[in-house]
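Read-outs: derived from the displayed coordinates by stated rules, not from any lab. The shown structure was predicted, so the numbers you read here are calculated from the model rather than taken from an experiment. No Cβ is skipped: glycine too gets one built from the backbone with ideal geometry, and neighbour counts run over all protein chains shown.
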Amino acid sequence: MTADKPGNDGQDREGDDVARLHQAGDEAYRRLVEGVLDYAIFLLTPSGRIATWNAGARRIKGYEADEIIGRHFSVFYTQPDIDAAWPDEELKLAREHGRFEDEGWRVRRDGSTFWANVVITAIKHADGDLLGYAKVTRDLTARMEQERERRRMAELVEESRRMTEFIAVLSHEIRNPLAPLTNVLSLLDRETLSPRATWCVEVASKQVRQINRLVEDLLDVSRVTTGKVRLTMTPLELGEVVREAVEGMRPAAEAREHRLQATWPTQPLAVTGDRTRLIQLVSNLLSNAIKFTPPGGTIALTLRRDDDAAVITVVDNGIGMTAQTLAHAFEPFSQGEEHARGHGAHGAHGGLGLGLALVRSIAELHGGGAAAHSAGSGQGASVSVRLPLSADPLADEPAHAMK
């Protein structure tokens with residue numbers, strides 16, 4: 001008996017230590033749960049009334065502890081769920097299976113709703129009697145919005161792909177009958193016709209050329225957006241490219257009685273690029289300015305160096321752009337409403353709003369970018385393109401100015 005006492009005393013002391021440890025652990029666990037902010041964690045009585053409340057529950061649901069403890073947890077559910085007795089069904093499923101998990105809309109104190117992940121766990125005594133439930137709620141609204149945005153973007157990408165394919169097919173279908181029309185009009189142009197017939201042939205030829213240009217723009221947009229554009233990258237002197245584009249667009253400017261000016265620096269600007277596409281880029285810049293400037297306007301093109309980039313800027317005193325138009329200036333099919341209204345005042349502009357879209361796409365394919373500026377409607381506009389410079393192996397050339 002005496003020999004056993006030290007052992008018994010040691011076991012008693014160890015049992016007391018374990019009990020104190022459990023008590024301290026329970027207290028630490030309780031404080032930990034009460035301080036959690038990302039999850040609403042609380043206990044329910046067997047009938048579903050709220051027995052405890054933590055900081056996360058207060059943050060997510062908006063209730064203070066003294067406002068909510070004692071109330072039935074169905075207060076967090078939407079009216080359709082309450083009418084369907086879904087809160088009681090959740091408790092029943094948790095009681096039968098030990099645990100139940102669900103996602104759905106829940107209601108905050110202010111009446112707003114949020115998308116929640118809910119886990120309800122049945123708490124039972126060792127003999128199986130139900131003591132209550134532990135309920136954990138997580139606000140998944142942000143995740144759901146991200147998923148919704150991801151799906152929306154995927155749908156937009158798919159819609160854009162289908163539209164691009166449709167445009168490509170449509171463009172080819174339109175272009176096919178244009179070739180024989182062009183040939184017939186060319187043959188008629190060689191015939192001796194009456195003045196009225198000659199005028200008819202000229203009008204038809206002009207419209208066929210316009211349709212051809214629109215079809216080519218559509219095909220270019222299709223190629224760019226599907227990544228099918230193939231660039232032939234070679235060392236170029238950008239000033240030469242600009243000069244060629246300016247001379248190509250001069251007849252169009254003169255037809256509208258515009259004054260077209262172009263200047264570039266003394267030093268040559270070396271770039272690596274596709275000559276044909278860069279001429280198209282500059283031509284589209286000028287075409288856009290010519291189109292949206294009233295007859296007799298002024299269009300100025302400037303080529304300059306800015307650190308390690310070349311900047312091409314086209315400024316006009318045309319009808320300008322509003323803030324809304326500027327925000328969508330480089331999007332396909334985005335001619336501004338004020339541009340459409342300008343048809344009566346300044347002549348038909350034509351086009352599908354593809355010019356600046358192609359400008360930006362070509363610039364980006366060359367590692368650059370594009371930007372547009374305008375003080376507002378009727379205040380003219382400027383469009384700039386930045387292109388990265390390459391090592392300059394070219395000899396100095398004198399500055400050029402064309403008027």
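A few comments on the model shown:
- Put a dot 7 Å past the Cα of residue 64, heading toward its Cβ, do the same for residue 105, and the two dots end up 2.9 nm apart.
- Separation of the residue 178 and residue 254 label points, Cα + 7 Å toward Cβ, nm: 2.5 nm
- Euclidean distance of C-alpha centroids, the stretch 248-276 and the stretch 130-197, integer Å: 33 Å
- In summary, the stretch 36-139 shows an alpha-carbon radius of gyration equal to 1.00 times the 2.2 N^0.38 Å reference for compact globular proteins.
- Sites residue 51 and residue 307, calculated FRET efficiency, Cβ-Cβ separation with R0 60 Å, nearest 0.05: 0.35
- Amide hydrogen proximity for residue 54: with H placed 1.01 Å from N in the peptide plane, the residues at 5 or more positions away or on another chain lying under 5 Å are 41.
- Extended-chain gain in nm, criterion 0.36 nm per residue less alpha-carbon gap, residue 196 and residue 267: 20.3 nm
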